[in-house]
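J.: Can you read through this structure? Questions will come right after.
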C-alpha cells in the first residue's frame with residue numbers, strides 16, 4: 001500500500017483538532033503552523049473532510065473547524081477514505097488486469113493484504129490516537145497500537161476483538 005501525504009496529513013490534522021476538542025473551532029492556519037503542513041493543502045483536505053461529514057466549519061472571526069463526530073466514532077480508515085486515498089496494494093488497482101489483461105499470480109495475496117490493512121485502519125479510532133498523544137512517554141518511546149486479531153480468531157459470536165487504547 002502506498003499511503004501518500006494526503007492521507008498522512010489528513011490523519012495528522014484530525015488528531016490536531018481532536019486534541020483541542022472543546023476549546024472552540026481550530027483554524028487551519030494554526031494547524032498549518034503546529035504541524036508544518038501547507039495551508040493551501042489543508043484547505044483542500046478540509047473541503048473533502050467537511051463534505052464527508054467528519055468536520056464542521058464555522059465562518060468569520062473566531063471560526064475554524066470542529067469534529068462533526070465523537071473521536072471514538074471516527075476511524076483512521078474513515079479519514080483516509082474521505083480524502084480519496086486508496087487503500088490498495090494491488091498493481092492493477094483491483095481491476096484484475098495486471099498481467100496482460102488477466103489477474104496476476106499474486107493478485108489474491110495483495111487483495112487479502114488490502115483487507116487486513118483496511119480492517120486495522122478501521123479498528124483504530126481518532127480517540128485512541130488522541131489518548132496515545134496524551135500518554136506520558138517513558139524513555140522517549142512511542143506507543144504502538146496492536147493489530148486486531150484476524151477474522152478467524154474472533155469469538156464465536158462474531159464480535160470484533162477489543163483494540164487496546
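We did not get these values from a lab; they are worked out from the coordinates using the rules stated. Fair warning: this is a prediction, and the values are worked out from it, not measured in the lab. Because the Cβ atoms are built from the backbone with ideal geometry, glycine has one as well, and the counts that use them run over all protein chains shown.
J.: Does segment 11-53 classify as rounded, prolate or oblate by the C-alpha gyration tensor (a ≥ b ≥ c root eigenvalues; a/c under 1.5 gives rounded; else a/b over b/c gives prolate, otherwise oblate)?
T.: Oblate is the answer for segment 11-53, as a/c is 1.5 or above yet b/c matches or exceeds a/b.
J.: Let me ask something else. In nanometres, what is the gap between the two model label sites at residue 72 and residue 115, each 7 Å from Cα along Cα-to-Cβ?
T.: Going from the residue 72 label point to the residue 115 one covers 2.9 nm.
J.: In vacuum, with every alpha carbon of segment 1-82 counted as one equal point scatterer, what does the Debye formula give for log10 I(q)/I(0) at q = 0.12, 0.23 Å⁻¹? Two decimals, please.
T.: For segment 1-82, the Cα-only Debye profile gives -0.29, -1.15.
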